[in-house]
Every structure is written in C-alpha cells, then in structure tokens.
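Worksheet: the structure to be examined is printed underneath.
Read the figures in this text as sums done on the coordinates, not as results from a lab. In this text, all values refer to a predicted model and were calculated from it rather than measured experimentally. No Cβ is skipped: glycine too gets one built from the backbone with ideal geometry, and neighbour counts run over all protein chains shown.
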Amino acid sequence: MTRTPGRPRIAVCGMAIESSTYSPHRSGWAAFTLLRGNDLVRRYPFLRDGAPLRRAAEWVGVLRAAAFPGGPVLTDVYETVRTEIGLALEAQGPFDGVLLDVHGAMSVLGYTDAEADLARAVRAAVGPDCLVAATMDVHGNVSRDLARAVDLVSCHRTAAHEDDDEARERVATDLLRRIDGGGRPHKAWVQVPVLLPGERTSTRHEPAKGIYEDVARVAELDGVLDASLWVGYAWADEPRCRAAVVVTGDEPDVLVREAGRLARRYWDARNEFDLVAPAGTYEECLAAVLASDARPFLLSDSGDNPMAGGAGDVTWTLARLLAEPAFARPPEEGGRSAVYASLPDAAAARLVADAGVGAVVEVEAGARVDAGPHGPVTLRGVVEHVRTDDPLAGIVCVVAAGGLRVILTGRRRPFHLESDFTALGVDPRGTDVVVVKIGNLETELRDMAEDWMLMLTPGGVDQDLLRLPRTNLGGPVHPFDGDAAFGDGPDLTPELV
C-alpha cells in the first residue's frame with residue numbers, strides 16, 4: 001500500500017459493548033452492528049466529508065462492531081471480529097496510526113480483559129512504530145495491560161455523556177499531532193480501588209463535578225497532552241473493574257504528580273458520592289408516587305436497565321404493578337394511569353400483534369432470558385397499538401390493563417425520548433406514572449418529569465452493589481470492603497507505562 005505524500009494513514013477499528021457478567025443474556029452476532037470502509041469513517045461527525053480532520057489524513061475504515069449493552073459476548077463472535085481486524089490491518093497497511101474505538105466494559109466469555117486482548121492484537125498487526133490511540137467510555141476499565149498496549153488513551157469527561165463526539169475528536173486530534181512530530185508520549189497510569197455505578201458518579205453533581213473540572217484543568221498544563229479518569233464498570237466481576245487515572249504527555253514528573261493527585265482526590269471522595277435522585281424500594285417509590293401531585297412522576301426500574309447491560313426482560317417490577325390496586329382501573333373509573341416501558345418478548349409480542357388493535361389478549365410474557373428475580377407474568381388487557389417495523393425492537397405493542405399500559409417489544413429497546421412514547425399513541429406528560437427501564441434519566445426524560453425517583457430493583461445491573469457476589473476483583477475495593485481492609489490506605493503511586 002502506497003502512502004499519499006504528506007498525509008498520514010490512520011486506521012479506524014474497534015469493538016464496543018458494555019457487558020454485565022451478572023446478566024444471563026449472551027451477546028451474539030444479532031446484537032452487533034458492523035461498519036467498514038467509508039461507512040465507518042463517516043459515522044464520526046469530525047471525519048465526515050469536508051471536515052478539517054478528514055482532510056488532514058487518509059482515514060481507513062477497517063471494522064467496528066458495536067452493540068447495545070447486554071450480557072457477555074460469545075467467544076466466537078469476539079474472536080472472529082478480532083481476527084478480521086488484525087488481518088485487515090496487515091493487508092491494508094502500513095499505517096501511521098490507529099484510532100481504536102472501544103468501550104472498556106466488554107466482557108467476553110473466557111476472557112477477563114477483552115479490550116487489552118484486542119489492543120494487543122492491533123499492536124501485533126501494525127507493528128511497534130505505529131501509534132495506537134484508544135477512545136473509551138468513562139464507565140470502562142483501564143488495566144495495566146491495556147494502558148501499556150496503546151500509546152494514547154482517553155475517555156468522556158461528562159456522565160451522563162454529553163461529549164461523546166468531542167471525546168473521540170480529542171483523541172483523534174492528539175493522535176494526528178503526535179504522528180506529525182510529537183512522537184510517542186509518556187503515560188502515567190494508576191488504578192483506584194473504588195467501583196461505583198454511573199448513577200453515583202454523575203458529573204452534574206459533586207463530588208464528580210469538581211473532580212472532572214480538575215481533570216480538564218490538568219489536561220491544559222504544560223507538558224500534558226491529555227488527562228482522563230475512568231470510574232470503571234460496576235456490573236462485571238473482573239480484576240480490572242475499578243477506577244483508573246491516566247495522564248499523558250512529555251513531562252514524566254508532571255504526569256506522575258498529577259495522576260497521583262487525581263487518584264488521591266477520587267479516593268478521598270469515595271464516601272461522598274450519592275445517587276443522582278431520591279431512591280428507594282418499590283414500596284417506598286410507590287408510596288411517594290401515590291402521595292404526589294407531580295405528573296408525570298417517573299420511576300427508574302434501575303436493576304434491569306438494558307442500556308447498562310441488563311437483560312431487559314426482568315418482570316419483578318411489572319408483576320407488582322399489575323397487581324397494584326391503584327392501577328386496576330383506568331382514571332375515568334377512579335384509578336391512576338401508568339405506563340411501563342418496556343418488556344421484550346418476541347413470541348408474546350408476535351401473538352399480540354397478530355391479535356390486532358382492539359383485541360382482548362392474555363399472554364405469558366417476559367423472563368425468557370433473566371427469570372432470576374421473577375418468572376413470566378400474565379398480561380391481560382386490550383391491544384391499543386401495534387407496530388411491526390420498529391428499527392430497534394421490530395414489533396412494538398401497547399396493551400392496556402386497567403390504568404396500566406404495558407409496552408411489549410420484540411427485542412430490547414430503550415425508551416429515552418418523548419417521541420418513543422408518542423409514536424405509540426401514549427402521552428407520557430398526561431400520565432400519572434411513567435416507569436422506564438433505565439438508571440439515571442436521559443436529558444429529555446429528566447426535562448419531562450415533574451418528579452422522579454430511582455427504584456432499587458433486582459436484576460443484572462442492581463444499584464445495590466452489595467447484593468451482587470464478587471469473587472474475582474482480586475483485592476479490596478470500596479464499597480465491597482471496609483476501610484480496615486486498606487490498612488493505612490491504598491498505594492496510589494502512578495506507574496509510567
């Protein structure tokens with residue numbers, strides 16, 4: 001392959017999914033969307049035709065496999081993607097750089113550090129002189145092996161994420177600058193033995209807000225190229241799962257000093273992180289809803305959040321809602337209105353769709369994947385809406401059971417936008433209670449809610465981390481171990497890797 005004079009060649013590749021090892025779901029080929037060539041390059045706004053970064057280099061789309069969060073990835077799926085990436089890099093090279101787009105919380109059956117394994121495969125394919133830059137999610141994990149395998153690594157600085165494209169563009173820009181003469185930077189890496197869910201580490205609230213402002217300040221210091229802090233992924237039982245700091249640049253003393261200071265600040269704040277909203281058990285949340293005039297009042301069914309890795313078909317909360325006297329009758333008969341979004345079950349959704357709008361149905365639904373907290377529920381009601389061509393879920397049906405509308409889907413689907421409801425003839429703003437399978441509310445849901453609470457429900461992404469067994473963390477980690485387990489405190493001395 002011949003290089004274009006004056007323009008570096010940069011490969012784009014990766015594999016991205018957030019995987020709960022506590023979910024019985026398995027992520028196979030059906031879960032992944034594969035992009036190659038210009039389709040891959042153009043998915044990034046800063047690499048679309050005419051963008052300055054696009055003109056500055058020859059960007060080669062190799063392969064990116066990406067999926068909604070779910071359970072662990074099947075071994076053969078991961079190994080097939082890894083092999084194709086490696087062979088394509090060898091065949092289409094040489095390259096001056098690689099933009100490796102990963103999440104950082106991909107669990108693969110038979111592996112304990114999948115992203116490090118993929119990074120090593122990329123390095124083997126492109127050789128020691130090519131610069132490899134990894135762009136990651138703030139809820140990913142950075143092991144020593146991963147930090148060593150790449151030359152640059154960075155992540156979001158907001159959670160919930162509002163800087164996805166900016167974070168990736170920052171990494172791509174830094175990669176180009178180093179190719180153009182900066183060379184391979186130094187990296188100071190340190191893990192922090194703290195593992196908290198994103199619902200406790202939102203950068204909209206202290207202490208994370210101030211800590212991440214400090215991260216951005218460190219990135220602007222002389223001798224520093226980038227500074228990043230990962231909170232880790234809370235729903236995997238792997239040795240790499242914990243917070244981490246990486247500071248990259250050309251002044252090793254500065255990098256080590258600042259990485260250590262950020263790590264210490266995060267550790268010292270470990271007991272100050274709180275949930276992003278008032279939280280409680282199902283019973284506590286229901287009592288608050290029934291006592292409130294807020295409309296809509298949103299409840300987050302957090303333990304089965306599909307966008308954090310939950311199976312999505314846990315019925316524990318829905319079973320209780322279906323039995324709740326407050327929702328047994330519609331509002332016009334003196335009851336309360338509610339909507340539940342959503343329950344995936346391909347067979348049940350097909351039966352309801354075939355019955356059609358207006359039909360009275362009775363189907364067993366849910367718990368096909370994760371029956372641990374509760375088995376399938378019996379859903380009896382009137383079909384109010386049917387769609388069979390939803391791009392994410394395939395079939396989407398609305399079944400009214402008294403005052404409760406249950407959204408039944410063919411496949412897992414997030415409900416994060418008001419239009420997700422209104423497209424089905426459901427008016428969330430005019431509903432008393434909206435129950436969504438999510439953790440921290442997405443921006444549009446937050447803006448819509450007059451009030452909301454986080455329900456601490458069971459499932460593969462249970463917010464009560466102490467209810468989930470931990471056997472593979474490989475050392476004391478807060479909050480699973482008390483302060484006595486750390487003696488005089490953890491060693492937070494950064495390493496140059």
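Summary table
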{"quantity": "Charged-residue dipole, Cβ positions (Lys, Arg, Asp, Glu), the stretch 61-178 about Cα centre, Debye nearest 20", "calculated": "280"}
{"quantity": "Alpha carbon centroid spacing (whole Å) that separates the stretch 215-277 from the stretch 306-381", "calculated": "42"}
{"quantity": "Per-selection metrics, the chain (Cα): Rg and Dmax in Å", "calculated": "23.6, 76"}
{"quantity": "Dimensionless Rg/Rh of the stretch 57-135 - Kirkwood Rh, Rg from C-alpha atoms", "calculated": "0.96"}
{"quantity": "Per-peptide average of other Cβ atoms within 10 Å, ordering 80-87, 346-353, 363-370, 192-199 highest first", "calculated": "192-199, 363-370, 346-353, 80-87"}
{"quantity": "Tensor-based shape of the stretch 1-101 (alpha-carbon gyration tensor, a/c under 1.5 rounded, otherwise prolate or oblate)", "calculated": "prolate"}
{"quantity": "Nearest 10 degrees, 0 to 90: helix 164-177 Cα axis against the chain principal axis", "calculated": "10"}
{"quantity": "The stretch 95-130-the stretch 16-86 distance, computed between alpha-carbon centres (Å)", "calculated": "12"}
{"quantity": "Test item: Cα-centred dipole of the stretch 112-179, Lys/Arg +1 and Asp/Glu -1 on Cβ, debye", "calculated": "360"}
{"quantity": "Cα-based helix-to-principal-axis angle, 208-219 vs the chain, degrees rounded to 10", "calculated": "20"}
{"quantity": "Beta bridges per DSSP with both ends in the chain, % antiparallel, nearest 5", "calculated": "45"}
{"quantity": "Mean separation of Cα contacts under 8 Å (6+ apart) over length of the chain, as relative contact order %", "calculated": "16"}
{"quantity": "Residue (of Ala326, Ser337, Ala243) at the positive-pole extreme of the stretch 204-362, dipole from beta-carbon charges", "calculated": "Ala326"}
{"quantity": "Most positive-pole-ward Cα, Ile17, Thr422, Gly303, against dipole of the chain from beta carbon charges", "calculated": "Ile17"}
{"quantity": "The stretch 138-260, Cα convex hull volume normalised per residue, Å³", "calculated": "96"}
{"quantity": "Summed side-chain charge close to Ser107 - residues other than Ser107 whose Cβ falls under 11 Å, Lys, Arg +1, Asp, Glu -1", "calculated": "-3"}
{"quantity": "Rounded to the nearest 20 debye, dipole of the chain from Cβ charges on Lys, Arg, Asp, Glu", "calculated": "1100"}
{"quantity": "Scattering curve values for the stretch 310-380, log₁₀ I(q)/I(0), Debye with Cα scatterers, q = 0.12, 0.14, 0.18 Å⁻¹", "calculated": "-0.35, -0.48, -0.77"}
{"quantity": "Cα-based Kirkwood hydrodynamic radius, the stretch 373-415, one decimal, Å", "calculated": "11.2"}
{"quantity": "Computed [θ] at 222 nm, helices only, for the chain once each DSSP H run of length n ≥ 4 contributes -39500 (n - 2.57)", "calculated": "-7500 deg cm²/dmol"}
{"quantity": "Base-10 log of normalised Debye intensity for the stretch 242-300 (one unit scatterer per alpha-carbon) at q = 0.14, 0.28, 0.31 Å⁻¹", "calculated": "-0.61, -1.12, -1.23"}
{"quantity": "Kirkwood hydrodynamic radius over Cα pairs of the stretch 176-317, then Stokes diffusion coefficient at 10 °C and 1.306 mPa s, in µm²/s", "calculated": "89"}
{"quantity": "Globularity index of the stretch 302-424, i.e. its alpha-carbon radius of gyration over 2.2 N^0.38 Å", "calculated": "0.98"}
{"quantity": "Radius 10 Å from Cβ of Val138, net charge of other residues (Lys, Arg +1; Asp, Glu -1)", "calculated": "-1"}
{"quantity": "Computed Rg/Rh of the stretch 403-471, alpha carbon atoms with Kirkwood Rh", "calculated": "1.01"}
{"quantity": "Farthest toward positive dipole pole in the chain [+1 Lys/Arg, -1 Asp/Glu at C-beta], among Ala367, Leu445, Pro128", "calculated": "Pro128"}
{"quantity": "R0 of 30 Å, Cβ-Cβ distance His416-Ala371: FRET efficiency to nearest 0.05", "calculated": "0.70"}
{"quantity": "Span per principal axis, largest first, for the Cα atoms of the stretch 263-353 (Å)", "calculated": "56, 36, 18"}
{"quantity": "Two-decimal Rg to Rh for the stretch 352-463 - Kirkwood Rh, Cα set", "calculated": "0.95"}
{"quantity": "Whole-number percent relative contact order across the stretch 157-299, with pairs defined as alpha carbons under 8 Å at least 6 apart", "calculated": "27"}
